[in-house]
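Written below as structure tokens is the structure these notes are about.
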Amino acid sequence: MNNFPILSLILLAPLIGAIIIMCLPKDNGKAIKYIAAISTFLSLLLSLVVFIGYDRSLGGMQFVEKIPWIADLGVNYALGVDGISLPLMLLTNLIGFSAVYASWNNKERIKEFFALLLILITGVMGTFVTTDLFIFFLFYEVVVIPIYLMVIMWGSTKRVTKEYAGMKLTIYLLIGSAFLMVGLISLFIKAKGITGVPSMDMAFLATIDFPVSFQVMVFAFMAFAFGTLLSMFPFHAWSPDGYAGAPTAVSMIHAGVLKKIGGYGLIRIGLFILPAGAQIIAPIIAVLAIGNVVYAAYICISQKDLKYIVGYSSVSHMGYVLIGIAALNLISINGAIIMMFAHGVMAALFFAMIGNLYEKSHTRNVDDFGGLAHQMPRLSVGFMLAGLASLGLPGMVNFIGEFTIFVGAFSTYKVLTIIGVSGIIFTALYILRALGNVLFGPRREEWDHLQDLKGPEMVPLIVLGAAILIGGIFPFTLMDLISSGVGDLIAQVGLVQIGGIL
Amino acid sequence: MFEFILPNAWLIPLVPVLAFALIGLFLHRWPKISAALSIFSIAIAFILALVIAGGVFSAPAGTVYEFSTRWLDMPGLQVDMGLLIDALTAVMLLVVTTVALLVQIYSLGYMKGDPGIASYYAYQSLFAASMLGLVIANNLGQMFVFWELVGICSYLLIGFWFGKYSARNAAIKAFITNRVGDFGFLLAILFLQIMFGTLNFGELSDSMAGFTNMTILIPVAILLFCGPIGKSAQFPLHVWLPDAMEGPTPVSALIHAATMVAAGVYLVARAFFIFSAVPQAMTVIAVIGGFTALFAATIALTQNDIKRILAYSTLSQLGYMMMAMGIGAMTAGMFHLMTHAFFKSLLFLGAGSVIVAMHEEQDIWKMGGLYKKMPITTWTFIIGALALSGIPPLSGFWSKDEILLGALASGHIGLYIIGAFVAFLTALYMFRLIFVAFFGSNKAGAEKAQENSAVMTVPLIILAAISVVAGLVNSPLMHNAFGHYINSPAGIEPHPSLIIMISSTVIALAGIAMAWLIYQKQVISAEDLKYRFEGIYKVLYHKYYIDEIYAWLGARLVDGMAKVLYWFDIYVVNGFINAIAYVTAITGEVLKFTEDGQVQTYALYMFAGIVLLLVSALYAVYTVLI
């Protein structure tokens, strides 16, 4: 079992699925869906095996695989997971599997759709399981192509056209990646200059003591690249339009995990390799983060399109992640990671429910609905679960994220955190209003024909709902793991521990 | 038995939560089984609570049992799920399980025929579990978790009849208003965690002993009090509670009268060591409590909806409890919490019984003469009203008296006067309700009213009996046994005074007499009073226009601001991005004319390039040479 390349299998199963689907005749819809479901289920199952099998007492990188690839550049096909990446890998598979089922009713060009979806899942997962910067960047770029194609082909046109949304999403991703590439190349050259060894290994680069001015510059590039991906204010404009234009599965994966690459990159590449740069830039990120929380939450209050509500709310929640990272202590970073997980499952569930409703009713405007709990009790449960998670109700994993971030961030930034905590009021306001408008109130006859969730449509609700509740009721299942990973990282780079007494 | 139950007291919340899960996942198709399971689970919790209370009250006073398990653990932040069992917990466990059990049984009758019975009982179980989890919490983190959970149960149950717009909106209002208070509560928790590195009540109490930095403690204590302001509906966050009456009446009795709204008072009692160390915070608590008591009692005088009168009465009594806390009479406040839980749930269930008999009519002016039709409801209701008004020897008399005594003994003369006046108003509005609804002349709807079945009247009788005797536990007749177990070193324990007892009895009787004169004998015309004090009447009837003011502010500060920021996002942030894209596109459009496919043009460009290069090379050579 020791040498079994389990991570490679998890990573490549969806890709293999995609290849098989491409070989199938395009009218064999059933087989295509089954292949997609089986390959993502395999990844999910194996990532649960890794999640349980990871030795928490030992910590560090485990399930390591390493194959030399480009010797001159020091590039290895190197995989491994620790307490930081494992939860995100698990998240990817939870959402990937659910996204397949959320697309079950898709009838348009399903061969291409599922093939691209599976490639997208592999691309996102690759960034989390690799320990090599070059491979990280490679997978990051792999993600762009399916996203663009899926939005412009299967997207929906409401406030903006799907072509506009797809292009906006793609260009933002590419601008981010351009900055990222400049940062990575300068890291590589500088490291080679200092040590004489060409290497793209993250752990190796982290041992090098880069000059502070260099760190500040490169970290600034990274902060821009990853911050854009994490919809940091004021670089968030892609997010609401992009999610609104994208098909359900893409919204789920993009909001659920893809943007988390930003947070993961900031921690794994930013803080880990460039701690001195991080300490200087962090206060700026913290201020922008509060911009995210309050500004986007306010905008949500005025939104009528369900996808825009969740889109802006996602921007708002990423503010919590950002301030967690910017506070640079163990508690806050723990919080940021569990918040990424929490927001991922919550947003994916929300988009799955919205997608399902939109598919049947062809509208997403909250004012068009009312009293849907009469006709669609199960869908209402899904909406309520996602909504309550979103407003940080205890018992849901999102509360753990918010609470931990608040404690951690408060020890570093007093005033900013106090402003940020006020987000809990606004979030409750827009979430409960939207849910109230859609689900409650008198029965409306015009929606009597809507079918409640059944069969495959229940899968996202069950899988993601269970993740939200298990993580919320038993937070130690995730938090022990995350804390060990972040603890290692902090010990290595010597970031500040919990802040002092007032 | 006690030895076994004690470390396993977590079973008390666990049993109802299992009932919730079973109903939610499997049993929701079978309403009767769901109801039976829910009632069975709360009955088990009640028995366990009895055992625990028996154990705690047979141990010497001041004994504390604590057990806990790590829930959230990382260096620098530990949150436990624990049990803290002392006399305070035991009393609360008894109150909550007793009222919850009776309310759930009563609901069998009240909710009969409702299509949502299974979910009703699921929510009831979840509420019971959350409330019990809150009561046994040994740290503020756990308390906050369950605090929010009771809040969401309240949301779900207020909005239980979700087909009505009013229920939906009331549920949202309740949750949001509470969130405003919880914002402060959460900030206080953050402060305490950062300052002391723990949220455990015992450890915090030890750390507080040596902590004297008042500039930080004052805001922390006041922020902490924001939680109770929301949950216990104190002014200015009281607006949600009257609207919460949209929920089924048994829910109002359990959640919005007896238990959840009292959680704020319980928090103040639990964290009394923090508040009592900060005199400024104590003053704030006392003033807010006293003001709420008076403010809500005056509104109750003018309302016509039977449940709303009781809701404002609840607000007023919660204010009373808070005032007791603020003046340091912690024992009196908790005592009043306990007696109030019994007689106010009795009153609400009585009102529910009337509403069922009147086919959903809630306006007291459309009732009348009910005492002939519904004797059990009427007489138990009168017992509840007498207890609330503070007529000896009923329970409310003893607890209210102690609060007034405490106010006087601690030198808060102003608060004593307010308290005494509120006692008068309480008797007045309660007996206004009774004379109008139960006596007086029959109205059309009241003709056909009938007494309800035993499943509803038996809980009324039991609660009435408890309301009569519950006060004795802290009377001189039982040597103030309650105060012997529940007290705080920082609290005050004045000796009973016969003068106060007599004067408050007289005040209450005066209130009843006045109600009798106005509404029964009609010696004084109510219409005449209304006309003469029209201005005051209007302000009171419209609840001091607080809802209108909040709506006005909300429309501007929240919705208006949201629109402005959205405009900013679309036209400034996105506008900037689109402008860049537009400029790029225009540049491309312009530059495309350079690519016309003619070799001559390209040759021209090449020639121009060569000339440019040559000139710059020559210039370089020139600068180097000179």
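Laboratory data are not the source of any read-out in this text; all were calculated from the coordinates shown. Please read these numbers as outputs of a predicted model, since none were measured by experiment. Neighbour counts run over all protein chains shown; Cβ positions are idealised from the backbone, glycine included.
From the Kirkwood radius over Cα pairs of region A:128-219, Stokes-Einstein at 10 °C and 1.306 mPa s returns a whole-number translational diffusion coefficient of 104 µm²/s. The radius of gyration of the Cα set in region B:458-530, together with its Dmax, comes out at 18.4, 52 angstrom. Each Lys and Arg adds +1 at its Cβ and each Asp and Glu adds -1 at its Cβ; summed about the Cα centre, chain B shows a dipole of about 1460 debye.
When only the Cβ of Lys, Arg, Asp and Glu is charged (+1, +1, -1, -1), the dipole of the protein assembly as shown relative to its Cα centre reaches about 1740 debye. In chain B, Cα pairs under 8 Å separated by at least six residues give a relative contact order of 11 percent. Against the empirical curve 2.2 N^0.38 Å, the C-alpha radius of gyration of region A:209-336 lands at a ratio of 1.06. Along region A:105-119 the Karplus relation, 6.51 cos²θ - 1.76 cosθ + 1.60 evaluated at θ = phi - 60°, assigns HN-Hα couplings of 8, 5, 10, 9, 6, 6, 4, 5, 4, 6, 4, 5, 4, 5, 4 Hz to successive residues, with x for each Gly and Pro. Taken about its Cα centre, region B:299-396 carries a charge dipole of roughly 120 debye when the Cβ of each Lys and Arg holds +1 and the Cβ of each Asp and Glu holds -1.
Computed over neighbours whose Cβ is under 13 Å from that of B:A59, the net charge equals -2, Lys and Arg +1, Asp and Glu -1. Name the shape class, rounded, prolate or oblate, that the alpha-carbon gyration tensor gives for region B:31-133, where a ≥ b ≥ c are the square roots of its eigenvalues, rounded holds for a/c under 1.5, and otherwise prolate holds if a/b is larger than b/c and oblate otherwise. Oblate is the answer for region B:31-133, as a/c is 1.5 or above yet b/c matches or exceeds a/b. Amide H contacts under 5 Å for A:G371: A:L439, A:F440, A:G441, restricted to partners 5 or more places along the chain or on a different chain, H placed in the peptide plane at 1.01 Å from N. If you split all Cα-Cα distances of region B:183-296 into 10 Å bins from zero, what percentages do you get per bin, shortest first? P(r) over region B:183-296, rounded to whole percents: 14, 43, 28, 13, 2. Plainly put, region B:454-608 has a radius of gyration that is 1.52 times its Kirkwood radius, both from alpha-carbon atoms, as the Rg/Rh ratio. 3J(HN,Hα) along region B:141-154: x, 4, 4, 5, 4, 6, 4, 5, 5, 5, x, 6, 5, 4 Hz, from the Karplus curve 6.51 cos²θ - 1.76 cosθ + 1.60 with θ = phi - 60°, whole Hz, x for Gly and Pro. Normalised size of region B:383-532, defined as Cα radius of gyration per 2.2 N^0.38 Å with N residues, equals 1.24.
Its DSSP H runs of at least 4 residues, each contributing -39,500 (n - 2.57), put the calculated 222 nm mean residue ellipticity of the protein assembly as shown at -22500 deg cm²/dmol, to the nearest 500. Remark: C-alpha extents of chain B on the principal axes read 116, 61, 55 Å, sorted largest to smallest. For B:K530, a cut-off of 16 angstrom between C-alpha atoms picks up these lysines, skipping any fewer than 8 places away in its own chain: B:K538, B:K543.
Close amide H pairs (under 5 Å, H built 1.01 Å from N) link A:A246 with A:S156, residues at least 5 positions away or on another chain. For region B:135-243, the relative contact order works out to 30 percent when only alpha carbon pairs closer than 8 Å and six or more residues apart are counted.
Positive-end ranking of B:P494, B:P219, A:F204 along the dipole of the protein assembly as shown, with charges on Cβ about the Cα centre, is headed by B:P494.
In terms of overall dimensions, chain A has a Cα radius of gyration and Dmax of 21.4, 73 angstrom. Across the options B:T302, A:N105, A:P68, the greatest Cα extent toward the positive end of the charge dipole of the protein assembly as shown (unit charges at beta carbon of Lys, Arg, Asp, Glu) belongs to B:T302.
All other residues whose Cβ lies under 11 angstrom from that of B:Y155 are scored, Lys and Arg at +1 and Asp and Glu at -1, for a net of +2. Phi-derived couplings, Karplus 6.51 cos²θ - 1.76 cosθ + 1.60 at θ = phi - 60°, listed residue by residue for region A:333-346: 6, 3, x, 4, 6, 5, 5, 5, 4, 4, 5, x, 5, 5 Hz, with x used for Gly and Pro.
Using equal-weight Cα scatterers in the Debye expression, the normalised intensity of region B:296-406 in log10 at q = 0.11, 0.21 Å⁻¹ is -0.37, -1.10.
For B:S68, the residues whose modelled amide H falls within less than 5 Å of its own, excluding neighbours fewer than 5 places apart on the same chain, are B:L83.
Here's the picture: charge each Lys and Arg Cβ at +1 and each Asp and Glu Cβ at -1 in chain A, and of A:H236, A:M479, A:G166 the one pushed furthest to the positive end of that dipole is A:G166.
Within region B:235-343, the percentage of alpha carbon pairs spaced more than 20 angstrom apart rounds to 36%. Scaling against 2.2 N^0.38 Å puts the C-alpha radius of gyration of region A:362-502 at 1.36.
Taking GluC sites (Glu not before Pro) as exposed when DSSP calls them loop (any state but H, G, I, E, B) and at most 13 other Cβ atoms lie within 10 Å, what is the longest stretch of chain B free of them, the sites themselves excluded? Result for the longest clean stretch: B:1-359. Modelled spin-label separation between B:L50 and B:I413, with each label point placed 7 Å from Cα along the Cα-to-Cβ direction: 5.0 nm.
Translational diffusion coefficient of the protein assembly as shown (Stokes-Einstein, Kirkwood radius from Cα pairs, 4 °C, 1.567 mPa s): 41 µm²/s. Between region A:349-372 and region B:425-469, what is the separation of their alpha carbon centroids in Å? Centre-to-centre (Cα) distance: 46 Å. Sites count as exposed loop sites when they are trypsin sites (Lys or Arg not before Pro), lie in a DSSP loop, and have at most 13 other Cβ atoms within 10 angstrom; the longest stretch of chain B without one is B:113-520.
Equivalent ellipsoid of region B:74-134: semi-axes from √(5λ) of the C-alpha gyration tensor, largest first, are 31, 17, 4 Å.
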